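Asks: Let me give you the structure first, and then I'll get to my questions.
The values are calculated or read from the model by the stated rules, or taken from the named source; none is laboratory data. Everything quoted here is computed from the prediction, not taken from an experiment. No Cβ is skipped: glycine too gets one built from the backbone with ideal geometry, and neighbour counts run over all protein chains shown.
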Amino acid sequence: MEHYATGQQMFAGILIFSRLGPILMLIPGFGEAFVPVRIRLSLGLALAFVLFPVVGGAVPTIPADISGVAGAVIKETAIGLMIGTILRMFMSSLVAAGELVSIQTTLGFAQTANPGQAAPSTTIGTFLGLLGLVLILTTNLHYLFLSAIVRSYTIFPFTRAIPLGDANALAIQTVAQSFALGFQLAAPVVAFSIVFNVAVGLVGRVMPQFQIFFVASPLMVLLGLSIFALSLGLMGMVWIDHYQNLAARFG
């Protein structure tokens, strides 16, 4: 390989790709399961070549033993997994919102294969997950992901140890914010469900002979989905704003 690149250049390229690979495997858009593996691999190699002149000079010298090389590769892979996982975690806020809306509208039993997750989720949750992916691509937020990749070499340089404490704190904070945001996005339907169920309970107490279930169930689905449709635009704007703030921490 010395005819094409020096050992130091090969080592730098391997370290850069070791961080890029896990990030591209996990971030929304580029890391979706329906994106062919060859496309993601080609994109990772292309970005590694592009980033080599930018960050290649900061790569330390090649360790003297193979354990040092393996440790450096594992460290870069762990940093890439940390960044990609945190960016992927926030997508669960839309799935949580869809689950809450489905439960409140009695559609929790309607399951659909979710291409963004390993397990199927409710139909509304799958729809919101795909909506979030569309919003990321249409608002050019994926460019901020690429900026975050470049910025990560400044925040987490090659010579710095993995900040496990900060990574755990950020992961916990991201999960908590995702669940809270999911509940906030589903708040209009949840509030309607509470009012509607209280009204149905009062009607059932006043008219015990009335078949309240056969009347309330269709109304619950119709009115709940109507409120969900009316608030869908606002849900998208709020979610993409929160996601942009999260991505801006790295970029």
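Asks: Restricting to the stretch 106-151, count the residues that are over 14 Å from the mean Cα position of the chain (by Cα), farther than 15 Å from Gln244 by Cβ and either modelled with pLDDT of 85 or more or not β-branched (Val, Ile, Thr) (or both).
Replies: 11
Asks: Which one is surrounded by the fewest Cβ atoms within 10 Å (Cβ to Cβ) among residues in the stretch 22-39 that are in a loop (DSSP other than H, G, I, E, B) and not hydrophobic (A, V, I, L, M, F, W, C)?
Replies: Filtering first and then ranking leaves Pro36.
Asks: Can you name the number of the only condition in (1) among the acidic types (Asp, Glu); (2) modelled with pLDDT of 85 or more; (3) under 24 Å from Ile23 (Cβ atoms); (4) out of contact with any Lys or Arg (no Cβ under 9 Å at 6 or more places or on another chain) that Asp166 fails?
Replies: Evaluating Asp166 over (1) among the acidic types (Asp, Glu); (2) modelled with pLDDT of 85 or more; (3) under 24 Å from Ile23 (Cβ atoms); (4) out of contact with any Lys or Arg (no Cβ under 9 Å at 6 or more places or on another chain) leaves (2) as the failure.
Asks: Taking the condition within 29 Å of Arg151 (Cα to Cα), surrounded by fewer than 21 Cβ atoms within 10 Å (Cβ to Cβ) and of a type in the set (S, T, N, Q), does Ser42 pass?
Replies: Yes: the conditions hold for Ser42.
Asks: List the helices (runs of 4 or more DSSP H) that sit entirely inside the stretch 162-251 and contain at least 2 residues that are farther than 30 Å from Thr138 by Cβ and in contact with a Cys (Cβ under 9 Å, 6 or more places away or on another chain).
Replies: Hits in the stretch 162-251: none.
Asks: Among the numbered criteria (1) closer than 30 Å to Leu137 by Cα; (2) without any contact (Cβ under 8 Å) to a residue 40 or more places away in the chain; (3) not in a helix (DSSP H, G or I), which one does Gly44 miss?
Replies: (3)
Asks: Moving on. Which one of these is in a helix (DSSP H, G or I), touching a Phe, Trp or Tyr at 6+ places or on another chain (Cβ under 6 Å) and surrounded by 13 or more Cβ atoms within 10 Å (Cβ to Cβ): Ile62, Ile103, Ile79?
Replies: That would be Ile79, the only listed residue that is in a helix (DSSP H, G or I), touching a Phe, Trp or Tyr at 6+ places or on another chain (Cβ under 6 Å) and surrounded by 13 or more Cβ atoms within 10 Å (Cβ to Cβ).
Asks: With respect to the numbered conditions (1) closer than 19 Å to Arg40 by Cα; (2) in a loop (DSSP other than H, G, I, E, B); (3) hydrophobic (A, V, I, L, M, F, W, C), which one is the sole condition not fulfilled by Phe109?
Replies: Tallying (1) closer than 19 Å to Arg40 by Cα; (2) in a loop (DSSP other than H, G, I, E, B); (3) hydrophobic (A, V, I, L, M, F, W, C), Phe109 fails exactly one: (1).
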